[in-house]
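Read the figures in this text as sums done on the coordinates, not as results from a lab. All of these numbers come straight from a predicted model, not from anything done at the bench.
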Amino acid sequence: MKNKKLLTALYIILMLLPLIAVVVAYPFLPDKIPAHYGMNNQVTRWGNKSETFIFPIITIFFGFFMYIAARGAAEQEKKGSGSEKNNSTITFVAGILSIMVFDILTFYFLYADFHQVENLNDMPFSLTKISFGVLGIALIILGNIMPKLKRNSIIGLRTTWSMKNVVVWKKSQRFCGILFMLSGIIILILCFLLEGTLLTVISLLLLVSAAIAGSIYSYLAAQKEA
């Protein structure tokens, strides 16, 4: 119960952190800020500083969505089995990892707003590397916890075949978890070796390939159990 309260507190703090940061920074921001960047990382539109509230609002809405998903995952479990705590906690962890991405993006663009950066390539740190670095870490963590998921219709590798029975579900989550961990490790390594578009394309291909391979494996596992 204590761990659940700490996890919930962390979740709420991370969900509200972008809003708090923007409220504190707002009086010090220039009136005109870069509001949109093109594919070449050059600013394409300047906007009013009130647009800095967009990311915090999205973060809060997303946070509530993941919270509802966590409650839904818990309610789907059998009463008294103790597994409802397992799925709920894992969904919370997935939500925290996702919200951290929004938090990082908020602080990244706050920095760009303060300095009225016209070209993101002039930033001291790469948005692409930061984003995929966080994705790599998230995949490693999610891959580690996926085998602990109990069967549900909200979170995990959910295909027609993986939902067939408990045995196929466990095999599918374990297999996809391993793929996610390996993909996360490879993406982290690529963050040190590649830049920009090439890093984005290869990382996304790895992620999509892992999901497809997991789906195919769930089909084969279901056929074997037939």
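Numbers for the structure displayed
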quantity	calculated
Part-to-part distance (alpha-carbon centres) for segment 108-154 and segment 156-226, which is given in Å	19 Å
Anisotropy class of the chain from Cα gyration tensor, a/c 1.5 cut	oblate
Length-normalised contact order for the chain - Cα pairs under 8 Å, 6+ apart - percent	19 percent
Residues whose placed amide H lies under 5 Å from that of Gly47, excluding near-sequence neighbours	Ile33, Ala35
Inverse of mean 1/r across different Cα pairs in segment 152-226, Kirkwood, Å	13.2 Å
